[in-house]
1. With unit charges on the beta carbons (Lys and Arg positive, Asp and Glu negative) and the dipole taken about the Cα centre of the stretch 52-133, which residue among S81, G94, A56 sits farthest to the positive side?
2. Return the inverse of the average 1/r over all pairs of distinct C-alpha atoms in the chain, which is the Kirkwood hydrodynamic radius, in Å to one decimal.
3. To the nearest 20 Debye, how big is the dipole of the chain about its Cα centre, given +1 on the beta carbon of each Lys and Arg and -1 on that of each Asp and Glu?
4. Net charge near W200: determine it from the other residues with C-beta under 14 Å of the C-beta of W200, scoring Lys and Arg +1 and Asp and Glu -1.
5. Solvent-accessible area per residue for the chain at a 1.4 Å probe radius, Å²?
6. Could you pull out the pairs from K134/K175; K104/K134; K120/K211 whose alpha carbons sit more than 29 Å apart here?
7. Can you give the convex hull volume of the alpha carbon atoms of the stretch 39-158 per residue, in Å³?
8. Computed over the Cα atoms of the stretch 215-321, what is the convex hull's projected area averaged over all directions, in nm²?
Amino acid sequence: MTLRFASLAAALCILAPQAHATQAYPDKPVRIIVPWTPGQATDVAARAAGEKLAAALGQPFIVENRAGAGGTIGATAVAKSEADGYTLLAGSSGSVTVNPLLMKSGFSPSDLEPAGLVAKVPYVLVTSSSFQAKSAQELIDLLRKSPEKYTFASSGNGSIGHLTAEVFMDSAGIKAQHIPYKGSAAALTDVLSGQVSFMWDSVASVAPHVKSGRARAYAVSSAQRSASMPDVPVLAEVSEIKGFDMVAWVGLMAPKGTPEDRLERINQALLESLRASDVANQFVTLGIDPYPASRQEARKVLAAENQRVSEMIKRLGITPQ
């Protein structure tokens, strides 16, 4: 009997720290890897989410930018990291949905588990304020007359800005040369200086430049106007293109195999934070819309987006890099 109780006690001593660690999660800082440069929409959303999670869960959520290869460097790093809930990916339409379909990468979307969605990100068709076209339709007419003359920028091959531009041009029956960058900041800088004709960039990136008068915003990519830029029309209002709707998602993801209770803890904290009225106002100021969703809902959204984007890429004839 003594031996049995001693064995049981020893087993409980081994299990107790593990149970305590699970219950205490997180008991140290959590990293959020953003696979894009600072200031890009995913980065803005990740920092806002990290701030709310830190307040709710009592540990710092530290954002770390690992840009490159259209988001695949950061995404691969997270997919291959320890599945303990302490390394998360600020995943997005570009890095998780589009890029794996267009580029060779060291990860598959199935290597990642969603902890929850954070934001929807509308995009804006933008040029420098000195560009000759005064409206989206005038831009379309210019490209239709001289397709070899104009260029468009994106934050990289496989980014949602790249795909949005391709869908836009296909819808209008126009073409322009693609100039990919390593991030939206550098791309937008060259658009504003006039070196590149136009781009589709996030509201979060574009809004300050529109306000200062350096940029001209023609239209938003969503089906409805953005609360962050209510004066900017949807494409159907100012061009021949109808039914255009391209909105990016941003969410937090973890390596496959991360304990379910840890992912649920993050998800519940996200849901509570994103549903608060003050957060909605904060997000609108940042140029993004809150996107609270359970993990089950997040899985459905990602599956639907993967199918939709895959069909778009095939229809447009965009080939892998």
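The values are calculated or read from the model by the stated rules, or taken from the named source; none is laboratory data. Because the structure is a prediction, the values reported are computed rather than measured. Using ideal geometry, Cβ is built from the backbone for each residue, glycine included, and neighbour counts are taken over all protein chains shown. These area figures cover heavy atoms from the full protein model, side chains too; ligands, DNA and RNA do not enter into them. Shrake-Rupley method; radii C 1.70, N 1.55, O 1.52, S 1.80 Å.
1. Result: G94.
2. After inverting the mean inverse Cα-Cα distance, the result is 20.5 Å.
3. Values: 30 positive and 28 negative charges, 64 e Å.
Computed charge dipole of the chain: roughly 300 debye.
4. For residues surrounding W200, the net value is -3.
5. 44
6. Working: K134/K175 19 Å; K104/K134 39 Å; K120/K211 22 Å.
With Cα atoms farther than 29 Å apart: K104/K134.
7. Working: hull volume 16.8 nm³, N = 120.
Taking only Cα atoms, the stretch 39-158 has a hull volume of 140 Å³ per residue.
8. Values: hull surface 38.5 nm².
Reported value for the Cα convex hull: 9.6 nm².
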